[in-house]
Each structure stands twice: as structure tokens, then as C-alpha cells.
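None of the figures in this text is laboratory data; all of them are computed from the coordinates on show. Because the structure is predicted, anything quoted here is derived from the model rather than measured. FYI the Cβ positions are ideal-geometry reconstructions off the backbone, even for glycines, and counts take in every protein chain you see.
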Amino acid sequence: MSTRGHLEVKNSHLILGGVDTVTLSEQFGTPLYITNEARIRANYRRFKEAFPDAEIYYAAKSNYNLTVLKILAEEGAGADVFSGGELHCALKAGIPSDKILFNGNSKTDAELEMAVKNNVRISVDSLDELRTLSEIAHKYDNLVGISFRVNPDISPRTHPKIATGLKESKFGIPFKEIIVTYKEAQSTENIKIEGIHCHIGSQILDVSPFLEATKKMINLVKELARFGIHLEFIDIGGGLGISYENEVAPSPKDLADVILPVFVEGTKALEIHPKLVLEPGRYIMADTTILLTKANTVKHAYRNFVGVDAGFNLLIRPAMYDAHHRIVVANKADEKSSSVYTIVGPICESGDVLARDRFLPKIEKDDLIAILDVGAYGFSMSSQYNGRPRCAELLVHHGKVDIIRKEESYDDLLVNQVLPSRFR
Ligand SMILES: *Cc1c(COP(=O)(O)O)cnc(C)c1O
């Protein structure tokens, strides 16, 4: 078995953060999301070391567990938030409001009000939104700092569902309209132009689209400067990919080596030296976490199906993005692989396949299946579909364990439901 980074094997058992995952399953039951704190910190620091002068705004949507946000706040991260809920969590975690950027292509008036009241900067996605925001800022007698989200028309080679910078994408203002949009903002009341923003997609394994985006953004910034619009920050978003299978993934250092020289050279002659902002989500969180699930049943049918107790209610990436996640049999972690298995969840949908045709050690009922690299877009995309309460989340740290989210109960499925009195 090949583990990576912070995963170890002892006495055939998978160890995470110094803790035996088999013991955790006995203590807490399954399924379980288990996150290694040290790995979050190490990933963040690796990113920060590659970009010492940049601001790192962690993309909260990838995992907005409060403890995770606290850890990143301690490390000095800011946050990219995409909803009022994420903003709420980021503020609760103590991320300073001047290090938060509120993104989104369709924000409600209530969300804009919340951002204005909390003095959070906003990445504006349309002129329509700019006008609404101006009215709200006026109402609160506030000067609100903004950037515009640019649609840079760049095609990263990634899954179509996570390419966000194509010209036909719903995000951002078309590249060609950016200058006129900024000019309008210049004369819009209660609006202070501070930056420019783009985000080209996710799970990008090639640094060249980032270089292309950086160049395009710098050209815009230079052009804006000619109209007397001087920006304080250039945010080129997130999207750095990781190796889920055996892809070669660039490191933050590889990314920095390619974009920093262009950024420094391109901004040198400007009156104000804008700060670089980056918004990694997946890179920081994905490999910090495993989903531990138990085999309910093994069936030798058309395929060798292993039915486990986690399904796409807890991890939707395989069903939604055809994502590959490595699998380790956590209680047989150093046993030789001998058969091909397909790991399926308990959901009443044929798409509920977590891993297809994997060569693994012999699997029997009650064996523990660890699904790796689920710290980003894992729990944060979970649901209660099929009447399945969400599982607990644990944090492990140098041999210690904490519950960072309790498992939901059956009653939690009903918690906000109201029976009209005639049904009582
Ligand atoms: C999702 C998102 C990110 C993070 O993307 P990753 O691929 O997780 O790094 C950053 N910025 C914006 C605006 C996003 O929507």
C-alpha cells in the first residue's frame, strides 16, 4: 500500500495524526470524517512560504468547519467566502473582516447588507449588483471596498463542472467590459474601488493557465491605472490541484516560480504596488482528512461490490465530478492486494459508487475502508439524503482526538420541520 505525506501504517492499521483509525472506529463508530490538524498547518505554511508577500484567503467553501477555520485564522489566513453562512462562520472563527472577500455571482440583498455592516470587502459580479450595493452602503452610510470579478476567458484543463473562467461561465464580468465597468464604479456613491479578482477553476494541475490569468489581470490593472484607477490588490483566486491518484501536481512553489516574476515585473511601474491575493481551498484541506467507513456487506455479482456505511450523502465528489479517491483498507493497511473491488454506498441511487474497480486486500464484512483526500468539498457538500444523519467529524493532533462536529441523530432529520396543527 502506498500512503502519502502524513499517513502511516502500524501493526497493519492506518494511523492518522498519531492516532490508530481502527481504535477511532471502535470508540466513535463509523462513518467518520477524521482530520489531521498538523497537516492543515503544514499545507498552509507551505503555501505561505511560497508566497511570503501575498495574502492567503482560504476558500471557506472547501471546508467551513469552525475548528478548521480557527486553525487557519491562527495561521494568519484570511477567507474567501461565497455566502452569508460562510461569512458568519469565518467571522465566528476570528478571521479579521479586513482579510475577508465576499464572492458570489448571485448575492441576496441581505448578504450584501451583512457584508457592508461587517466592513467586509465585496467582489462584485455585475453592474446590477454594484448599484444594489451602492444603495445598501448609502443606507448604512458606509464606504464599501470592492473588487470586480473578471471573467478572464481562460480554459484550464479540468473537469467541466469546475472550470469557472470560461467565457460562457456564469461567473464574473466579461473581460472586454471590465474597463467600462470600473469607470462606472468610479462615479458610484459609497463605493471604493480596491482590487480586481478572478478565479479560473479548480483542481488545476498545470501552472500555465495561472500564468495566463496573471498576465491578463496585470494588463487590466495597467490599463485601469491609465484612467486613474489605482488598485490595492490583485486576487487571482484559487484552484491549485492536488494528486488524487498518481497525477503530478505542481506545488505552491512551482506556482510561485511561474507567476511571481511576472507579477513583480508587471506591477513595478505602477503608482501603487498592489498586493497579490490567492484563494486556495483544496490545496490546504484536501489531503488532511479521511472518511472512515465500514463494510456492511461484500457481494460477488457482476462486480465485487463492497457495500459500506457512507454514500454520496457524505462524499459526493465521485458521483458529481467522477472524482477518484484513493482507498486504503484501514485494518489491513499493509496486506497484499488480491482482488478488484467496487466500493458502493447505501444510497438508493445507482450512481452511489465511491470507488470503482480497485485492487485491494481481501475485504470482508466489518473491514474498515478509508477514503483518502476528502478534506475539501467532502463534508461541506454533504446532505441528509435518504434520511441519513451526517456523521461526526474528528480532529486528530499528535496522538490526541477531539470531536469537532457531533454526529447527527434521527431527530436531527426532523429538527426544523413543523407539523401544521391539524396533523398533530
Ligand atoms: C472555490 C473557489 C476557490 C477555491 O478553489 P480551490 O480549487 O479549492 O482552490 C477560490 N476562489 C473562489 C472565488 C472560489 O469560488
Listed residue (220, 108, 190) projecting farthest to the positive dipole end of the chain, Cβ model: 108
Kirkwood hydrodynamic radius of segment 134-200, from inverse mean 1/r over distinct Cα pairs, in Å: 13.1
Cut-off 12 Å between beta-carbons: net charge of the residues surrounding residue 271, Lys and Arg +1, Asp and Glu -1: +2
The chain, relative contact order in percent, only Cα pairs under 8 angstrom and at least six apart counted: 19
Choice from 224, 133, 292 showing the highest fluctuation, given a GNM over the chain with Cα pairs closer than 10 Å: 224
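Rounded, prolate or oblate for segment 272-422? Axes are the square roots of the Cα gyration tensor eigenvalues, ordered a ≥ b ≥ c, and the cut-off for rounded is a/c under 1.5.
Oblate shape, in that a/c is at least 1.5 and b/c is the bigger or equal ratio.
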Estimated dipole of the chain in Debye, rounded to 20 [Cβ of Lys and Arg +1, of Asp and Glu -1, Cα centre]: 520
For segment 128-209, share of DSSP beta bridges that run antiparallel, in % to the nearest 5: 10
FRET efficiency, residue 26 to residue 386 (Cβ-Cβ, R0 25 Å, nearest 0.05): 0.45
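From the Cα trace of segment 43-165, what convex hull volume per residue do you get, rounded to a whole Å³?
125
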For segment 314-327, 3J(HN,Hα) per residue [Karplus equation, 6.51 cos²θ - 1.76 cosθ + 1.60, θ = phi - 60°, Hz, x = Gly/Pro]: 9, 8, 9, 4, x, 6, 8, 10, 6, 6, 9, 10, 5, 10
Kirkwood-based Rg to Rh ratio, the chain, C-alpha trace: 1.01
Gaussian network model of the chain, springs between alpha carbon atoms under 10 Å - residue of 249, 110, 185 with greatest fluctuation: 110
Integer Hz, Karplus 6.51/-1.76/1.60 couplings in order for segment 408-424, x for Gly and Pro: 7, 9, 4, 5, 4, 5, 9, 4, 9, 7, 10, 8, x, 4, 5, 9, 7
Low-density loop cleavage sites - trypsin sites (Lys or Arg not before Pro) in segment 251-327, where at most 11 other Cβ are within 10 Å (DSSP): 268
Per residue convex hull volume, Cα atoms of segment 115-240, in Å³: 99
Two-site label geometry, residue 157 and residue 322: point separation in nm, points 7 Å out along Cα→Cβ: 1.5
For segment 297-302, 3J(HN,Hα) per residue [Karplus equation, 6.51 cos²θ - 1.76 cosθ + 1.60, θ = phi - 60°, Hz, x = Gly/Pro]: 6, 10, 10, 9, 10, 4
Taking the C-alpha atoms of segment 245-354, convex hull volume expressed per residue in Å³: 153
Inter-site label distance for residue 340 and residue 180 at 7 Å from Cα along Cβ, in nm: 5.7
Positive-end extreme of charge dipole, segment 1-134 - chosen from 56, 30, 94 (charges on Cβ): 30
Antiparallel bridge percentage (DSSP; both residues within the chain; nearest 5): 50
Residue with peak Gaussian network fluctuation, the chain [Cα springs, cutoff 10 Å], from 125, 402, 287: 402
Selection of chymotrypsin sites (Phe, Trp or Tyr not before Pro), segment 214-251, meeting DSSP coil and at most 14 other Cβ within 10 Å: 227
Descending semi-axes in whole angstrom, ellipsoid equivalent of segment 320-408, from the Cα gyration tensor: 23, 20, 12
For peptides 373-381, 210-218, sequence by mean Cβ density within 10 Å, most packed first: 373-381, 210-218
